[in-house]
Amino acid sequence: MDGKAIASEIKAEISREVSAMTAPPSLAVVIVGDDPASKIYVGNKRKACAETGIKSLLYELPEDTPQKDLLGLIEALNASPEVSGILVQLPLPGHISEPDVLTAISPDKDVDGFHPANAGRLMIGQAKFPPCTPAGIVELIKRSGVTISGKRAVVVGRSVNVGKPAALMLLAENATVTVCHSRTRDLADVTREADILVVALGKPRFITADMVKPGAAVIDVGIHRLGGGKLCGDVDFEAVREVAGDISPVPGGVGLMTVAMLMKNTLAAARL
C-alpha cells in the first residue's frame, strides 16, 4: 500500500480545490515546548500546507507556558475569522491538561477531530472532521483497491484517537469489526480471522507472520525508532509481507495519510 503516492494524490486534489477559492484556508498549529518528535511532526504539517496552498500559522510557546495562557490563545484563535482550523500538537507538558485544551478548541475548527462533540458526531455517523489517522487508514484501504464492505476487520488497539474511531469508521463502511486490546485472550486466533487487520498497539514488530491470514490487508499504524535511526512499525514487515495480500510500510504508509487528511479537514473547516 503506497501511502506516499496516495497522500500525494489527495494533496493534489486539495490543491486544485484551494486554488479555486477566493481566499485560502488557514491552519493554526500550536506547539508547547521543544519536543524533537513534535517539531518534526509540525514541520511535516507545515510542508503539507505549502504543498496544498493552505496558509500555515505557527504558534510556538515555551515549555513552562501556563495552561491559562494556552487557553487564552485558543480562545483568540476560535474568535479569529482568519483561522479555519486549529491544531494543538500533542503531547503537551505534564502541567497542562490535554482534555481541557482539546475541549477548548471550537468544534467547528477542531480539524484533529478530538473534541467530544466531534467524537459524538462520528459515533452517530455525522462526522464533520473524522480523526485524521483513522480517516487516513480507511482512505488508504479504499484507494489501494481493497473492498471493505462485507469483510471481517480486526483492529488491534483501543485508543481514543486511533483504535476506537478506526473501528467506527470501518463499521460505517459495512465491515464486521472486532476490537482487540491487552486483555484479549488468544489474540493470534482473532487476528488470523481478519480480512483487514489494523494494528495500532504501540509495540514494535509485535504482529508476526503466524498471526496473519494469508491474503489479508494489513495496515500498520505504529512507528518506532530503532538503533541507527531506522524506523519500524507494530508489524514485522519483512515477514508479514510474505503472507499478506496488501500491507502498509513504515515509513511511507499511514503517517503520510494522516497529514493528508488533516489538510482535507482544514479545507472542510474553511467551507464551514
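Brief remarks follow.
- Looking across segment 117-145, the residues that are touching a residue at least 12 places away in the same chain (Cβ under 8 Å), among the small types (Gly, Ala, Ser) and in a helix (DSSP H, G or I) come down to Ala119, Ala135, Gly136.
- Selection status of Val259, within 26 Å of Gly85 (Cα to Cα), out of contact with any Gly (no Cβ under 6 Å at 6 or more places or on another chain) and assigned to a loop (DSSP other than H, G, I, E, B): no
- Residues of segment 228-256 that turn out to be crowded, with 17+ Cβ neighbours inside 10 Å, part of a loop (DSSP other than H, G, I, E, B) and of a type outside the set (Asp, Glu), as a count: 7
- Spans of strands (runs of 3 or more DSSP E) in segment 1-93 with at least 3 residues among the hydrophobic types (A, V, I, L, M, F, W, C) and surrounded by 21 or more Cβ atoms within 10 Å (Cβ to Cβ): 26-32, 85-88
- Residue in segment 159-167 that is more than 28 Å from Ala117 (Cβ to Cβ) and modelled with pLDDT of 95 or more present: no
- Among the residues of segment 149-169, the one identified as of a type outside the set (A, V, I, L, M), outside any loop (DSSP other than H, G, I, E, B) and touching a Leu at 6+ places or on another chain (Cβ under 7 Å) is Pro165.
- Verdict on Phe114 being in contact with a Leu (Cβ under 7 Å, 6 or more places away or on another chain), buried (at least 23 other Cβ atoms within 10 Å of the Cβ) and in a loop (DSSP other than H, G, I, E, B): yes
- Which numbered condition Thr266 misses (of (1) among the polar types (S, T, N, Q); (2) surrounded by 24 or more Cβ atoms within 10 Å (Cβ to Cβ); (3) more than 30 Å from Glu17 (Cα to Cα)): (3)
Yes or no, residue by residue, for (1) free of Cβ contacts under 8 Å to residues at least 40 places away in the same chain; (2) within 17 Å of the chain's Cα centre (by Cα):
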residue	(1), (2)
Arg158	yes, yes
Val162	no, yes
Thr178	yes, no
Val190	yes, no
Ala217	no, no
Val221	no, yes
Gly233	yes, yes
Pro249	no, yes
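- Counting residues in segment 193-209 that are hydroxyl-bearing (Ser, Thr, Tyr), within 18 Å of the chain's Cα centre (by Cα) and either on the phi < 0 side of the Ramachandran plot or modelled with pLDDT of 95 or more (or both) gives zero.
- For segment 197-227, residues that are within 15 Å of Pro249 (Cα to Cα) and loosely packed, with under 14 Cβ neighbours inside 10 Å total 1.
- Criterion violated by Cys180 - all others in (1) in contact with a Leu (Cβ under 7 Å, 6 or more places away or on another chain); (2) under 20 Å from Ile124 (Cβ atoms) satisfied: (2)
The values are calculated or read from the model by the stated rules, or taken from the named source; none is laboratory data. On a predicted model such as this, the values are computed, not experimentally measured, just so you know. With ideal geometry, Cβ positions are generated from the backbone for all residues, glycine too; neighbour counts draw on all protein chains shown.
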